[in-house]
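These notes concern the structure reproduced below.
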Amino acid sequence: MANESGTQAIDRAAQLLVDVVEAPQPPSIGELSARAGLPKSTTSRLVGALERQGLVQRLGARGRLRPGPVLLRYASRDASQALVELAQPSLQRLADARGETINLAVQGATGVEHLAQEDTAHLVGVTDWVGRRVPFELAANGKCFIAFNGGEADDADLIRSRGYATSIDELEVGLSALAAPVLDADGAAVAALSISGPTSRLTAARIEELTPLLQEEATSLSRRLRGAA
């Protein structure tokens, strides 16, 4: 009987977790209780166990529930891996065609986060950016996030109108980059592709030459993310 009771509790807790994850709006304990056909006290006890393990979390004073930090970390890691896999052909084509360092980045809480990189064919300019976080306002990809995600910057309108951003000797003297946003269906930047290298190689003329292919690959990746191609 003890084993049956324990199994039943696990089944009930698992179903409550599924209900929280699949709910279109964060549910309350009362709503979960009614949906599961359980006493409110039982539902509250089971949700408390899920909360202690980080599987659900309460929102504000009213205590509505949403997936907890454990699930959110897993979803973020899974989404990042899927994005890197989708972006790999674009990263490789850009690296093969242009011979500079190519990066895929996303918007983090406090700065640009680099997820993947294809290295330059040159000896000068090899820097591993994966795992590094840099300020939005100093990086070309960071400027894309500011401009396309509602941030404020002096050149935001220009970046939106031309579809790419540059950073010349801003993050570090001697380092330049250009970046194009990867957009979702609403026009927000969910990622950015960038090309970086020494300022001596990434001259204004070189940036003008590199921009069309970079934008083409960013547009292609945007379509792949939306399932259009």
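The values are calculated or read from the model by the stated rules, or taken from the named source; none is laboratory data. Nothing here was measured: the structure is a model prediction, and the numbers come from that model. Virtual Cβ from ideal backbone geometry, glycine too; neighbours counted across all protein chains shown. Surface areas here come from the heavy atoms of the whole protein model, side chains and all, with no ligands, DNA or RNA. Shrake-Rupley method; radii C 1.70, N 1.55, O 1.52, S 1.80 Å.
Descriptive notes on the structure:
- Extreme residue, nearest to Arg98 (Cα to Cα), among residues of the stretch 173-187 that are in a strand (DSSP E or B) and not aliphatic (A, V, I, L, M): Ser176
- The one condition in (1) within 17 Å of Glu85 (Cα to Cα); (2) open to solvent by 10 Å² or more (accessible area, probe 1.4 Å); (3) small (Gly, Ala, Ser); (4) touching a Gly at 6+ places or on another chain (Cβ under 9 Å) that Gly227 fails to fulfil: (4)
- Selection within the stretch 141-153: residues that are assigned to a loop (DSSP other than H, G, I, E, B) and not small (Gly, Ala, Ser). The member of this set that is farthest from Arg98 (Cα to Cα) is Glu152.
- Residue within the stretch 154-170 that is in contact (Cβ under 8 Å) with a residue 60 or more places away in the chain and part of a strand (DSSP E or B) present: no
- Neighbours by Cβ (under 7 Å, 6+ apart or cross-chain): first from the stretch 205-229, free of Cβ contacts under 8 Å to residues at least 60 places away in the same chain; second open to solvent by 20 Å² or more (accessible area, probe 1.4 Å) and β-branched (Val, Ile, Thr): Ile207/Thr166
- Selection of the stretch 188-212 for residues being part of a strand (DSSP E or B), among the β-branched types (Val, Ile, Thr) and over 19 Å from Leu158 (Cβ atoms) yields only Val190.
- Val130 vs. criteria of a type in the set (Val, Ile, Thr), surrounded by 13 or more Cβ atoms within 10 Å (Cβ to Cβ) and at pLDDT 75 or above: no
- Meets criteria (more than 20 Å from Gln215 (Cβ to Cβ), under 19 Å from the mean Cα position of the chain (by Cα), open to solvent by 10 Å² or more (accessible area, probe 1.4 Å) and at pLDDT 90 or above) for Glu137: yes
- Residues (touching a strand residue (DSSP E or B) at 6+ places or on another chain (Cβ under 6 Å), surrounded by fewer than 24 Cβ atoms within 10 Å (Cβ to Cβ) and hydroxyl-bearing (Ser, Thr, Tyr)) located in the stretch 171-210: Thr199
- Odd one out for Ala82 among (1) open to solvent by less than 80 Å² (accessible area, probe 1.4 Å); (2) modelled with pLDDT of 90 or more: (2)
- Pair list, Cβ under 9 Å, 6 or more apart: the stretch 37-58 residue among the aliphatic types (A, V, I, L, M), other residue open to solvent by 70 Å² or more (accessible area, probe 1.4 Å): Leu38/Arg12; Leu46/Arg12; Val47/Arg58; Val56/Val21; Val56/Arg66
- Check on Ile168, in contact with a Phe, Trp or Tyr (Cβ under 6 Å, 6 or more places away or on another chain) and either open to solvent by less than 90 Å² (accessible area, probe 1.4 Å) or modelled with pLDDT of 80 or more (or both): no
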